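Chemist: Take a look at the following structure, please.
Since every read-out is calculated from the coordinates, none of them should be taken as a lab result. Keep in mind that this is a model prediction, so the values were computed, not measured. Cβ placement follows ideal geometry from the backbone for every residue including glycine, while neighbour counts extend to all protein chains displayed.
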Amino acid sequence: MYALRIKDLPEQDWSKFANPGVAPSVCPSVEDEFLPAPELLDRMIPLDGASHNEVEYYGVEIPMRYATCFAILTDGRKVMLQDSRFFVGWSGWDEKRSYLFRNGGLHIEMQTDAKHPVGRSSPGNVCNINLQTAVTAIEDRKRKFIAPDGSQIEFSGARC
């Protein structure tokens, strides 16, 4: 699964996304290079000591007052995000679930579904990744998520 085409975007330089007026195009164009979904996730919402390419399952747990996102790897290990503040919220409790993350002012929605044709064969059953863009006219949609503190939040994103 390929999530995005990015051309000459330096590793860990996500400052361009912080200013919506200067956000680069995140929708595919013919001359750009494909970036595999696990690599995009590794750059934007890295796991602690693992790659998204090794994930078998993503989940949410509420150990105390705030929810946290975790990943179960193919070798059975359970890992968390490198920075728990990347996790903004989630929607759904079944096999079909959406996770919302934020890094450098950019919101990333990761959808998982083990029964989806793409999710069935992708690491962690990821079937779609939506990015919040400066211009959301491509496919405007609002979704509701549960925040880690239990409150409800709305996300407007564009699907490329």
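Chemist: Across region 82-96, in residue order, what do the Karplus-derived ³J(HN,Hα) couplings come to in whole Hz, using 6.51 cos²θ - 1.76 cosθ + 1.60 with θ = phi - 60° and x for Gly and Pro?
Modeler: Coupling constants for region 82-96: 4, 10, 5, 5, 5, 7, 9, x, 8, 9, x, 10, 8, 4, 8 Hz.
Chemist: For a protection proxy built on the mean count of beta-carbon atoms within 10 angstrom, sort 102-108, 61-67 highest first, please.
Modeler: Those peptides, ordered most packed to least, come out 102-108, 61-67.
Chemist: Please list, ordered by chain and number, the residues whose modelled amide H lies under 5 Å from the amide H of Asn103; skip anything fewer than 5 residues away on the same chain.
Modeler: Ile108
Chemist: Can you list residues whose amide H is under 5 Å from Ala67's amide H, if they're 5+ apart or on another chain and H is modeled 1.01 Å from N?
Modeler: Residues meeting the criterion, in which the H sits 1.01 Å from N, are Asp149, Gly150.
Chemist: Using modelled backbone amide H atoms (1.01 Å from N, in-plane), which distant-in-sequence or interchain residues come within less than 5 Å of Asn128's amide H?
Modeler: Excluding prolines and chain starts, which carry no amide H, the hits are Gln111.
Chemist: What list of ³J(HN,Hα) values in whole Hz, one per residue of region 97-109 in order, does the Karplus curve 6.51 cos²θ - 1.76 cosθ + 1.60 (θ = phi - 60°) give from phi, with Gly and Pro shown as x?
Modeler: 9, 10, 10, 10, 10, 9, 9, x, x, 9, 8, 10, 9
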